[in-house]
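The values are calculated or read from the model by the stated rules, or taken from the named source; none is laboratory data. A quick note: this is a predicted structure, and the numbers were derived from the prediction, not measured. Cβ sites come from the backbone with ideal geometry, for glycine too, and all protein chains shown count toward neighbours. Accessible surface areas use protein heavy atoms only, side chains included; no ligands, DNA or RNA. Shrake-Rupley method; radii C 1.70, N 1.55, O 1.52, S 1.80 Å.
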Amino acid sequence: MNIRPEVVAVVGPTACGKTRRAVQIATALDGEIISGDSRQVYRGMDIGTGKDLVEYGDIPFHLIDIADAGEKYNLHRFLHDFRNAKDDVVARGKLPVLCGGTGMYVEAALSGLVLPEVERNDQLRESLSGKTLEELTQILRGYKDLHNTTDVDTRDRALRAIEICRYYAEHPDEAANADRTMAKPVDSLVIGIDIPRDERRRKISSRLDARLEEGLINEVRCLIESGVKPEDLIYYGLEYKFVTLHVIGQLGLTEMKRQLEIAIHQFAKRQMTWFRGMERRGFSIHWLPYDMDDDDFITSVRKLLNQ
């Protein structure tokens, strides 16, 4: 008898074809897709985040275009939205297919984490206002091990991370709920899309050219003209950081593209580091070749579901 997990997740580095594979799974197994991407939540940020909505066809999707560009969507909001979307999909007898390359979001969701609402601490922020990013990083290390650099990409991120760690230190009961070892994991099957490094790099470069031709620079220019602050777009990193710097005159076109391409390659490496870390932290990720025949791919997924 085929007993489906509560969630099937599709993970992998950027440009590996996650969306296409998630759509195939949802089509074959009567599912709906829940995005696990930290930037596809923003309206108007379409080309740079690679929403590729046409790929979904008739498959319903969730957690895309749910926040305004310029907002600071975060893990707490994602977990709340993910639980609501998952429960809604399950209640209608469908299979939730979580698709995304934001490892922190995917792992937290599958771990069953419940994070408390941490309010802005203006007094703490004022006391840290003169600190450099390097100094904030050292303060954050005093609270926790830094397994990745996401929390210290910018001063804003570092400040927020310290703010949350301080809150947890002062509210141990709530911190316990945010501890994965105390959480109830979601019953899930995790499929990884495995792509060789050289092919991944080729696809990243090719996709960047395509996005620039599609109008990525104009997308960023329109966001700024609509009132989104350049510093907010820079906060989102990658395409929005470097293209914004170009639009506001701080980077020439050739240099912008060079730096952005390097940054995306580095990002893909960090994604894979995170997913390998997930495996060390107890998640079984079943890696399937990115170029697998479509029928063979679905057959493999069905076999994994029947294990």
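Here are a few things to note about the model shown:
- The residue that is least open to solvent (accessible area, probe 1.4 Å), among those in the stretch 151-160 that are part of a helix (DSSP H, G or I) and more than 12 Å from GLU119 (Cα to Cα), is ALA158.
- Within the stretch 27-50, the set of residues being among the acidic types (Asp, Glu) and under 19 Å from ALA109 (Cα atoms) comprises GLU32, ASP37.
- Answer residue from the stretch 210-223, given it is open to solvent by 20 Å² or more (accessible area, probe 1.4 Å) and among the aliphatic types (A, V, I, L, M) and is farthest from CYS99 (Cα to Cα) among those: ILE217
- Residue pairs meeting the criteria (Cβ under 9 Å; at least 6 apart or on separate chains; first over 15 Å from CYS222 (Cα atoms) and in a loop (DSSP other than H, G, I, E, B), in the stretch 233-250; second open to solvent by less than 20 Å² (accessible area, probe 1.4 Å) and of a type in the set (Phe, Trp, Tyr)): TYR236/TYR42
- Of all residues in the stretch 178-209 being surrounded by 14 or more Cβ atoms within 10 Å (Cβ to Cβ) and assigned to a helix (DSSP H, G or I), the one that is modelled with the lowest pLDDT: ARG180
- Looking only at residues in the stretch 32-78 that are acidic (Asp, Glu) and in a loop (DSSP other than H, G, I, E, B), the one that is surrounded by the fewest Cβ atoms within 10 Å (Cβ to Cβ) is ASP58.
- Members of the stretch 109-131 found to be open to solvent by less than 90 Å² (accessible area, probe 1.4 Å) and either under 30 Å from VAL190 (Cβ atoms) or among the hydrophobic types (A, V, I, L, M, F, W, C) (or both), listed by number: ALA109, LEU110, SER111, GLY112, LEU113, VAL114, LEU115, PRO116, VAL118, LEU124, LEU128
- Among the residues of the stretch 243-264, those that are under 19 Å from THR14 (Cβ atoms) and open to solvent by 20 Å² or more (accessible area, probe 1.4 Å) comprise LYS257, ARG258, GLN259, GLU261, ILE262.
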